[in-house]
Amino acid sequence: MIKPYKKHYAGRIIILTTLFSLLYAIVRYNIYGGVPWKDLPLFILNKGISLASLILLTINFSLSPLNNLGIKVSDKWLDARKLIGITGFLFAFIHVFMSFSILNPSYYPVFFIADGTLSVRGGLSLLGGIVSFIFLWVYNISFKPTIKEDKKLIAMITSRKFLIYAMIFTGIHLLFMGYSGWLTPNKWQMSLVPISLISFVIFFIGFLINLIGRK
Ligand code: HEM
């Protein structure tokens, strides 16, 4: 039977998050950071897409734990979760492709040492990204109607433990990527916070909400 269509906020949340993330990346890095405009299509777009992905996935993970904590989340937000989660995952997918296509010392000097091989920090950050991506991929399977029959698998994929691990690896990805830049606010262009720090703060708030509120 076809379910009646329920109006929800997914479209608005996705559009606003994406616009904010892309505009912030352009203003922070192209306009004030001196990154050449030729790098807009991939290097800067990748920063915007990865921020949007992180915000959408954090919203997706955090709404029902917030409800559990007694903060009333309206049905228009709760019903938006599925579309927000799928879009967040799609953006992460694009981010992975974009990152690998320009993964070299000229674009990401902190990920490499002088001989062109990965630094410890680069290796740990990339490992965190790859593992969290695999977790997200598996989680995304739970949206597939055919898998829904398998109650045991769904319970495992959507369990508290699984999502907490997925989030921890995203945190590792962000921490090793950005921590050195977070400690030197005097170097931030026009006092604009680096995207990796904004992402880490959003991740950390979402992580705490899930740690306390997820059953
Ligand atoms: C195979 C997996 C992944 C790889 C290879 C990867 C690679 C990268 C690279 C190279 C950067 C640096 C971008 C830059 O500074 O311009 C980055 C940043 C970032 N990544 Fe990933 N990533 C992966 C997975 C993920 C996942 C699953 C998320 C979760 C949403 C994510 C979220 C972010 C965020 C928010 C940033 C910060 C952007 C910035 O500071 O500029 N990444 N990633």
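The values are calculated or read from the model by the stated rules, or taken from the named source; none is laboratory data. Computed from a predicted model, the values in this text were never measured in an experiment. Every residue, glycine as well, gets a Cβ built from its backbone with ideal geometry; the counts of neighbours run over all protein chains shown. Note: areas computed on protein heavy atoms with side chains; ligands, DNA, RNA excluded. Shrake-Rupley method; radii C 1.70, N 1.55, O 1.52, S 1.80 Å.
Ignoring ligands, DNA and RNA, please state the percent of accessible area on the chain from carbon and sulfur, probe 1.4 Å.
Roughly 73 percent of what the probe reaches on the chain is carbon or sulfur.
Listed by chain and number, the lysines placed with their C-alpha closer than 19 angstrom to that of Lys72 are Lys6, Lys7, Lys82, Lys215; residues fewer than eight positions away on the same chain are left out. What's the long-distance tail for the chain, i.e. % of Cα pairs beyond 27 Å? Everything past 27 Å amounts to 34 percent. Once the 1.4 Å probe is applied to the protein heavy atoms, the chain comes out at 57 Å² accessible per residue.
Selection among Ser180, Trp137, Ser191 by position relative to the dipole of the range 10-213 gives Trp137 as farthest towards the positive end (Cβ unit charges, Cα centre).
Remark: accessible surface ordering of Leu103, Leu23 (largest first) is Leu23, Leu103, probe radius 1.4 Å.
Counting only Cβ charges, +1 for Lys and Arg and -1 for Asp and Glu, the dipole size of the chain around its Cα centre is about 840 debye. Using the Cβ-Cβ distance between Ile154 and Tyr107 with R0 set to 41 Å, the FRET efficiency works out to roughly 0.55. Shown here for the range 1-54: chymotrypsin sites (Phe, Trp or Tyr not before Pro) in loop regions (DSSP other than H, G, I, E, B) with at most 12 other Cβ atoms within 10 Å, namely Tyr5.
In the range 1-155, taking the dipole from charged Cβ atoms about the Cα centre, the farthest positive-side position among His8, Asn60, Phe20 is held by His8. When the trypsin sites (Lys or Arg not before Pro) in the range 14-96 are filtered for DSSP coil states and for at most 11 other beta-carbon atoms within 10 Å of their beta-carbon, the remaining sites are Lys72.
The angle separating the long axis of helix 10-25 from the principal Cα axis of greatest extent in the chain is about 10 degrees.
Relative contact order of the chain, taken over Cα pairs closer than 8 Å and 6 or more residues apart, is 24 percent. Within the shell defined by Cβ-Cβ distances under 15 Å, the residues around Asn30 carry a net charge of +2, with Lys and Arg each +1 and Asp and Glu each -1.
About its Cα centre, how strong a charge dipole does the range 100-215 have in debye, to the nearest 20, once Lys and Arg get +1 and Asp and Glu get -1 at the Cβ?
Around 520 debye, computed over the range 100-215.
Relative to the longest principal axis of the Cα atoms of the chain, the long axis of helix 81-101 lies at roughly 30 degrees.
Shown in residue order for the range 102-118 are the 3J(HN,Hα) couplings computed by the Karplus curve 6.51 cos²θ - 1.76 cosθ + 1.60 at θ = phi - 60°: 10, 6, 8, x, 5, 7, 10, x, 6, 7, 10, 9, 4, 7, x, 8, 5 Hz (x for Gly and Pro). Give me the angle, in degrees from 0 to 90, between the Cα long axis of helix 195-213 and the longest principal axis of the Cα atoms of the chain, rounded to the nearest 10. Between helix and principal axis, roughly 30 degrees.
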